[in-house]
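To start, the structure under review is shown below, and the notes come after it.
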Amino acid sequence: MPKSGIDIQDYEVFLVGRYFCDLVFTDLPEFPRLGYEVYSGSFNLIPGGVVTPAVVLHRLGIKVAWPCQFGCDPFSKYVREQVINEGVDSTFFKDTNDPSLHITAAFSFKNERAFLSYTDPLPKYSYGQLIRDARPKWVYITHLVLGDELDGLVSAAWSVGAKIYMDCQAHSHSLADPKIKEALRKVDVFSPNADEARQLTGKKELKDTLKELCRYAPAVIIKDGSSGCHYQDSGETINEEGITVDVVDTTGAGDNFNSGFLYGQIRGYSLRKSLRIANICGGLSTEGYGGTASSPGEDAIIEML
């Protein structure tokens, strides 16, 4: 997939996940109900999915490798154009003559949102070889991955000395599934949001969910919205408060948070400061529509620190 003649030895983050095109409905009078028509006060068409961390990390000066397939459909073309205009590295992009639809309708309220999505089947990537070629410092898996698929990513990451950061984005799993426990043991950092952590563990108090998840994952970060985040590993527990913002849309806040944390770790900041940066990125991203409209660049992060 990488274009011949291009040096691909100096990437810092390797992204695993697909693009989405987000149709974001905001300023809603109520949540849509069967048999009723609801008009939103605002609407935006925004590149989403893994576009968000790709753009955010690029703005922060991090070199990103992102394998992504774009099709002949208008949504693919729109997202690809926006990503290229942003300056994201296209070395690992693949263009096809078939549709490659990945669409989400987001119903966004002040502190929460709901999604309705559709996706065409994903192509099979040889992620292992691509990771070995790119030799990143971190492999960022944007969703819960299990079994053989995760094993391939882990093996490749370990072979080049990369660490693995995995988000969750799953609301129907629990630790009762042994595959979940096995997966958590193989990553360096696992970062669900508060609702996902409660679902996984069956516990209500976040301190209890942290403790339970850390029985398996070496380090856990629970994203807790405006309350900030909660970190725990085998020797340290950190609660880092969020920043005060005027929330417009929370879509993509988690990806901004994750990207901020990775930026902090790659640039040599302490663990606590990396969590602070993550909160800054996640918080500021909610002041605009979609995941990247108000995402900060590196200068803004340094100024706020």
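Defining a contact as two alpha carbons under 8 Å apart and six or more residues distant in sequence, what relative contact order in percent does segment 13-304 show? Don't jump to the answer; show the numbers that get you there.
Numbers: 631 pairs, mean separation 47.7, N = 292.
It rounds to 16 percent for segment 13-304.
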Length gained when the stretch Gln169-Ser234 is fully extended (0.36 nm per residue, less Cα-Cα span): 21.0 nm
Label-to-label distance, nm, for residues given as Glu303 and Asp95 (7 Å Cα→Cβ offset): 3.7 nm
Sorted by Cβ density within 10 Å, fewest first, the residues Arg80, Arg113, Arg185: Arg185, Arg113, Arg80
For the chain, projected area of the alpha-carbon convex hull averaged over all directions, nm²: 16.0 nm²
Least to most buried among Tyr125, Tyr165, Tyr118 (fewest other Cβ within 10 Å first): Tyr118, Tyr125, Tyr165
Helical contribution to [θ] at 222 nm, DSSP H n ≥ 4, -39,500 (n - 2.57), averaged over the chain, rounded to 500: -10000 deg cm²/dmol
For peptides 158-164, 57-63, sequence by mean Cβ density within 10 Å, most packed first: 57-63, 158-164
Chain lengthening between Ser155 and Lys211 when straightened (0.36 nm per residue, less Cα-Cα): 17.5 nm
Options Ala106, Leu144, Ala157, ranked by Cα towards positive dipole end of segment 96-208, top entry (Cβ charges): Ala157
Order of Asp249, Asp151 under a 10 Å beta carbon neighbour criterion, fewest first: Asp151, Asp249
Net charge of Cβ neighbours under 13 Å - reference Val245; Lys, Arg +1; Asp, Glu -1: -3
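Using a simple charge model, +1 on the beta-carbon of Lys and Arg, -1 on the beta-carbon of Asp and Glu, nothing else, what dipole does the chain show about its Cα centre, in debye to the nearest 20?
760 debye
Each value in this text was obtained by applying a stated rule to the coordinates, not by laboratory testing. These numbers come from a predicted model, not from an experiment. FYI the Cβ positions are ideal-geometry reconstructions off the backbone, even for glycines, and counts take in every protein chain you see.
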